[in-house]
Amino acid sequence: MLDLKFIRENRDLVERAARQKNARVDLDGILSLDEERRRLLGEVDVLRHDRNRASEEVNRLKKAGQDASELISRVRSDAERVKELEARLREVESKLFELVSYLPNIPAPDVPEGNPPDGNVVVRSWGEPPRFDFKPLPHYELAERLGLIDFKAAGRMAGSFFALYTGLGARLERALINFMLDRHRAEGYLEIAPPLMVNRRAMFNTGQLPKLEADMYRVESEDFFLIPTAEVPVTNIHQDAILSENQLPIRYTAFTPCFRLEAGAYGKDTRGLMRLHQFDKVEMVKFCRPEDSYAEHEKLTADAEGVLQALELPYRVVLLCTGDLSFAGAKCYDLEAWAPGVDRFLEVSSCSNFEDFQARRCNTRYRTRTGEVRLVHTLNGSGVALARTVACLLETHQRPDGSVVLPAALRPYLDNLEAITP
RNA sequence: GGAGGGUUAGGCUAACGGUAAGUCAGCGGACUUGAAAUCCGCCGGCUCCGAAAGGAGCCUUGGGGGUUCAAAUCCCUCACCCUCCGCCA
């Protein structure tokens, strides 16, 4: 959510940001409603002031044992007028809120302007893509041959875009989760196991609503949503809170499954682990002071990169251009790991700074050492998304005999197993 | 699912329908060599005026309605919490 005063004073900036993010917004409507709101507020304040003084007078008269009926009948019409104006004000405010809810966050100044894929900028790469003297297999073939995943069974019970991990496949999944959580814990993140369903407010606070309702699974009987990422419950931990400055930065890490409708994606990435309705992810979330958020963003990205490095997975860091930025994001790096079997980069992490956009909706603030109350900045990043990482892992570390070597960092989590063999 | 009780500011806690009292913590200041103690102020939001410092007004007792000149208080509704019953891993 953007601040109304900011919108009023930076109309061009807000309009440009919306255009850059390919969002259609009604700035005229917002500004005229805002003007009407302030006009009504001024009017109603004066009336309320008069009414309050009259009420006090009634109180005085009654306490003095005098008759107040004349004053009461005189003030009654004013009180009714206040009611009318208040009703009108509520109407204007709710329309205004509705419109402002659709305004996307402003991209940071150093975010390249443009649209994907051309507009995105690769800022650095790590690792050499492996060279094979045989034709590397895609992960879904490896997984099937090694008995790690049964896509057919998943399809029978749930449908396409689901995976069912078996045996070592299931253990590998669990090992990766534990490995990542342990790693982030050592980096100073507090581990969280949050609800996997959240209410509408939580989903609104992080910016998934109102725009993306069609992309999410909803439990109709309770108006709950299945979380599309742990970002939602974890960012909402401090809803309506005033934190103290010396608590910041706060770092959380959480493993959760993530549920995504992927509406409109049918026919794309239909095989394997690249696109699923449900996938596991370890997430990192930070709350910090505004002046620290861009430094924290770099550190967060580095923490996500550390996971890929430890797994010996070559990747590149992509700075998203304005047209690829999410609704709530101000700046975002995607980490794309190389998947030689399917011969492409797969997005396995997204590290974003939301500045105060989510904090304003969550009403998450902190008190400075001098007693001032300010909004925090929120950030999050995947550290990292499992399914695609498993795909990259199998494809990158495969050998000619169809086996897969496990990176050393993962072996302690799998009874020191060195390779998965047929 | 049923019955009852509850929700007041960062925490705790008052208020016969009469205009939110205290307290602890925190911040600033006074006092002090320094600290503690003590005292004073601040410690939600919006609008307007002002270059600013600041000032004025309104709103804020879980959310939203209603009754009333006036609502923390009465009524309706929703959310959440607690207790008991039922069901249940």
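What follows is calculated from the coordinates using simple rules that are stated; it is not laboratory data. None of these values were measured; they are calculated from a predicted model. Virtual Cβ from ideal backbone geometry, glycine too; neighbours counted across all protein chains shown.
Taking the longest Cα principal axis of chain A as reference, the axis of helix A:11-20 is set at about 30 degrees. Mean residue ellipticity at 222 nm, helices only, chain A: -12500 deg cm²/dmol; runs of at least 4 DSSP H residues each add -39,500 (n - 2.57), and the sum is divided by the number of residues. For chain A, lysine pairs with C-alpha atoms less than 17 angstrom apart, excluding pairs fewer than eight positions apart on the same chain, total 7.
The angle separating the long axis of helix A:27-63 from the principal Cα axis of greatest extent in chain A is about 50 degrees. With an 8 Å cut-off on Cα pairs and a minimum separation of 6 or more residues, tell me the relative contact order of chain A in percent. Relative contact order for chain A comes out at 20 percent. If you take the Cα centroid of the stretch A:201-231 and the Cα centroid of the stretch A:320-389, the two points sit 17 Å apart. Straightening the chain between residue A:110 and residue A:90 buys 3.3 nm, computed as 0.36 nm per residue apart minus the Cα-Cα spacing.
Across all Cα pairs in the stretch A:121-420, the calculated P(r) in 10 Å bins from zero up to the longest distance comes to 6, 27, 35, 22, 8, 2, 0 percent per bin. Specify the angular offset, from 0 to 90 degrees and rounded to the nearest 10, of the alpha carbon long axis of helix A:168-186 from the longest principal axis of the alpha carbons in chain A. Orientation of helix A:168-186: about 50 degrees from the principal axis. A dipole drawn for chain A from +1 and -1 charges on Cβ atoms has a positive end, and of A:364, A:339, A:49 the residue lying farthest that way is A:49. Per-residue packing, averaged as other Cβ atoms within 10 Å, sorts the ranges A:351-363, A:246-258 into the order A:351-363, A:246-258, beginning with the highest. Quick one: pull the percentage of alpha-carbon pairs in the stretch A:4-100 with a separation above 24 Å. Counting every Cα pair in the stretch A:4-100, those more than 24 Å apart make up 45 percent.
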